[in-house]
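Colleague: One structure, pasted below without further comment.
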Amino acid sequence: MNIRFEGKRVLVTGAGKGIGRDIACLLAQLGAHVIAVSRTAADLESLQQEIVCTPLIADLALADSARQAAQAAGPVDFLVNNAGISIPQSFLETDVEAFDQTLAVNVRAPLIMAQVVAAGLIARGQAGAIVNVSSQASKLGLLDHAAYCASKGALDQLTRVMALELGPHQIRVNAVNPTVTLTPMAEMAWSDPVKSAGMISRIPLGKFALPRDVASVVAFLLSPYAEMIHGVTLPIDGGYLSV
Ligand code: NAP
C-alpha cells in the first residue's frame, strides 16, 4: 500500500500545534496541498517553514469566522476537523461560558466547516472524505471534563448523521477517538508518573498515543484504502475502550 495525495487539497483545522500540526505535516509529505487553519499566526508561520501550505487565521469559536475560513479555503477534497479545546472544571463548577466555548469549538465549528466543504463537493459532483478528531472522552466519563465529554459525544453523533446524509453523495465521514496523545502540551501534563500510572494501567498496550499514531490513521481514512469505511468512531487507544 502506498498512500499518495498528489492533486488533493485538504483543509486541516487546529494545524498550528499538536495533533493537527502532525496531521498537516504528514498529509503534505504524502503529496496533499494543505490549507492550515489555526488561531495563532506564529504557529502557522513556523508551519510554513516545515511544509508548503496555505495558512488561514481564524477563531473557530465564532460561527461567522468558522464559515468564512471554510469559504476562504476554496474547493477542497478532504476536511480534517481537528481543532479542539478542553477547559477542565468539576461538574458542579462547570460554568456556562466554558461549556458554550467548548461546544462552539469542538462541535459547532466542525458542523459549519463540514457544511461548507460538503456543499462545495456536492455542487462540483465530486467525492470527498471528512475526518472528525473526537476522543475516548466521547465514550466514557472523565473527572472534571463534563463539557469536553459532552462535546466529543456530540461530535461522534454528528459524525453518524453526517455519514448518513453525505454518504449518498460519496462523501465519506469518520471520526477518530484517541486516548491521551503526547503532544508537547500533553507531555507536560502527563509527565508525572504518579498521575499517568492510573490511566496507563487501563491501556493494554501500556502507553499513551503519539501524534503520529493519530495522523497516520487520519491519512488512511482519507485514502482510497478506506473506501468502504464510513460512519465509524475509531478508537486509537491501545485497547482502552475495547477490552
Ligand atoms: P493542542 O495541542 O492544544 O492544539 C490544538 C490546535 O487547535 C492549536 O493549534 C490551537 O490553536 C487550535 N485551536 C484551538 N482552538 C481554536 C480556535 N478557537 N480557533 C482556531 N484554532 C483553534 O491540542 P491537541 O492535543 O493537538 O488536540 C487536537 C484534537 O485532538 C482536539 O480535538 C482534541 O480534543 C483531540 N484529542 C487530543 C488528545 C490529547 O491527549 N492530546 C486526546 C484525544 C483527543 P491555538 O493554540 O492558537 O489556540
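Every number in this text was worked out from the coordinates using simple rules, so none of it is lab data. Since this is a predicted model, take the numbers as computed values, not measurements. Methodologically, a virtual Cβ is constructed for each residue, glycine included, from the backbone with ideal geometry; neighbour enumeration extends over all protein chains shown.
Colleague: Which residues make up the longest stretch of the chain that has no GluC sites (Glu not before Pro) in a DSSP loop with at most 15 other Cβ atoms within 10 Å?
Modeller: 94-226
Colleague: I need the calculated FRET efficiency for the pair MET1 and THR54, taking r as the beta carbon distance and R₀ as 25 Å, to the nearest 0.05.
Modeller: 0.35
Colleague: Identify which of ASP192, ASP43, ASP77 has the largest mean-square fluctuation in a Gaussian network model of the chain, with springs joining Cα atoms closer than 10 Å.
Modeller: Comparing ASP192, ASP43, ASP77 in a Gaussian network model of the chain, the most mobile one is ASP192.
Colleague: Separate question: Springs between alpha-carbon pairs under 10 angstrom, Gaussian network model over the chain: which of ILE87, ILE57, ILE130 fluctuates most?
Modeller: With Cα springs under 10 Å in the chain, the top fluctuation among ILE87, ILE57, ILE130 is at ILE87.
Colleague: Follow-up. Put +1 on the Cβ of every Lys and Arg and -1 on every Asp and Glu Cβ in the chain; which of GLY16, ALA109, MET228 then has its Cα farthest towards the positive end of the dipole?
Modeller: Of the candidates, MET228 comes out farthest on the positive side.
Colleague: Something else now. Test of understanding: in a Gaussian network model of the chain with alpha carbons linked when under 10 Å, which of GLY20, GLY198, GLY31 would top the mean-square fluctuation ranking?
Modeller: Per the Cα network of the chain with a 10 Å cutoff, GLY198 tops the list.
Colleague: Treating only the Cβ atoms of Lys and Arg (+1) and Asp and Glu (-1) as charged, compute the dipole magnitude of the chain about its Cα centre; round to the nearest 20 debye.
Modeller: 580
Colleague: What does the C-alpha gyration tensor say about the overall shape of region 182-243? Classify as rounded when a/c is under 1.5, otherwise prolate if a/b is larger than b/c, or oblate.
Modeller: It comes out oblate by the Cα gyration axes.
Colleague: How much net charge surrounds VAL173 when only other residues with a Cβ under 14 Å from its Cβ are counted (Lys, Arg +1; Asp, Glu -1)?
Modeller: -2
Colleague: Skipping prolines and chain starts, which residues have an amide H placed within reach, meaning under 5 Å, of the one on ARG172, given they are 5 or more residues away or on another chain?
Modeller: Residues meeting the amide H criterion: GLY128, ALA129, ILE130.
Colleague: Need one word for region 105-243: rounded, prolate or oblate. Basis is the Cα gyration tensor (sqrt eigenvalues a ≥ b ≥ c); a/c below 1.5 gives rounded, then a/b vs b/c decides.
Modeller: prolate
Colleague: Now for a separate question. Need the full-extension length gain, ALA186 to SER201, defined as separation in residues times 0.36 nm minus the C-alpha distance. One decimal, nm.
Modeller: Between ALA186 and SER201, full extension yields an extra 3.6 nm.
Colleague: Then there is this: Is the chain rounded, prolate or oblate when judged by the Cα gyration tensor, a ≥ b ≥ c being the square roots of its eigenvalues, rounded requiring a/c under 1.5 and prolate requiring a/b larger than b/c?
Modeller: rounded
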